[in-house]
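The structure under discussion appears below in the form of structure tokens.
Nothing in this text is a laboratory measurement; each read-out follows from the coordinates by a stated rule. Quantities reported herein were computed from a predicted structural model and do not represent experimental measurements. Here the Cβ positions follow ideal geometry from the backbone for every residue, glycine too, while neighbour counts run over all protein chains shown.
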Amino acid sequence: MIKISIDTSGLSRSLQATQRKIERCTAIALTKTAQQAQKGAISAMQQVFDRPTPYTLRGTRVKPAKYESLQASVEFKTDVSKGTQAEKYLGPEVFGGQRRHKRFEIALQRIGVLPSGMFIVPGQAMRLDAFGGIPARPIVQVLSYLQAFGEQGYSANMTSGKRAKLAKGTRRKYGYELVVIRPGRKPQRGGKQLAPGIWQRTYTGFGSSLQPLMMFVRAPTYRVRLPLQEIGNRAMASYFPGEFNKVFSS
């Protein structure tokens, strides 16, 4: 009888070591590829959005891959203490559909100023910020004037006496008041119907003028403008092989 055998314990240990190295290199390469995908997403935001804010551009983070899962991802940040979560207002740009209400819109809905199912867009009289959005200061002024702050911000709500003083104005500033025009209400302005929204009536020595600050519109529907998964797929095809080889051969 002829017996032929081999001790595979060393080979098994070698294969296990190679597998661990492959898993480690794969995890590192996936993380580096996700970082490239994040850069691609930021670049896409700068191209498809009109003057995106730094907060928007910083709204994603990379979740590194782990040996046991071998999956890296680019995710939206969820730190609500720094403002509205990026996922809430960027979601429609990624997946399409309707955007969610912003905090100040919810506050105006709560007091019955903004009708259900409607959203706010800037009016012609609104001075936009450097990024094309409504600045924080006029939002706070509108919320205060309309007494839209809740219990925590109750002291910020403007009293009727303060509103009366604003309407009178001073020697240096014209008086003004805010007028809410709701859907279905059709006051005349030079023979024209006023669109629903928040208007500012300014009093001057020659009379008064009415200008639109914030307009009420039906839910805007967005098409997909930020195809994150496509960006990730392109990054995977372009960067992963090179990143893996670089780490594996080092």
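Assorted remarks:
- The label point for Ala136 and the one for Thr170, both projected 7 Å from the Cα toward the Cβ, are 2.4 nm apart.
- Ranked by the mean number of other Cβ atoms within 10 Å of their residues, highest first, the peptides 67-77, 35-45 fall in the order 35-45, 67-77.
- Volume per residue of the C-alpha convex hull in segment 115-219, rounded to whole Å³: 139 Å³
- Residue order, fewest to most surrounding Cβ atoms within 10 angstrom, among Phe104, Phe206: Phe206, Phe104
- Simple spin-label estimate for Ser250 and Leu210 in nanometres, 7 Å along Cα-Cβ: 6.7 nm
- Potential lengthening between Ala17 and Gln71 on full extension [0.36 nm per residue; Cα-Cα distance subtracted]: 17.4 nm
- Hz values of 3J(HN,Hα) by residue in segment 106-122 - Karplus curve (6.51, -1.76, 1.60), Gly and Pro given as x: 4, 5, 6, 5, 4, 9, x, 7, 8, x, 4, x, 10, 10, 10, 10, x
- Karplus-derived 3J(HN,Hα), 6.51/-1.76/1.60, for each residue of segment 27-35, Hz, glycine and proline x: 4, 5, 5, 5, 5, 5, 5, 5, 5
- Computed from label points 7 Å out along Cα-Cβ, the spacing between Ala237 and Gln124 is 4.8 nm.
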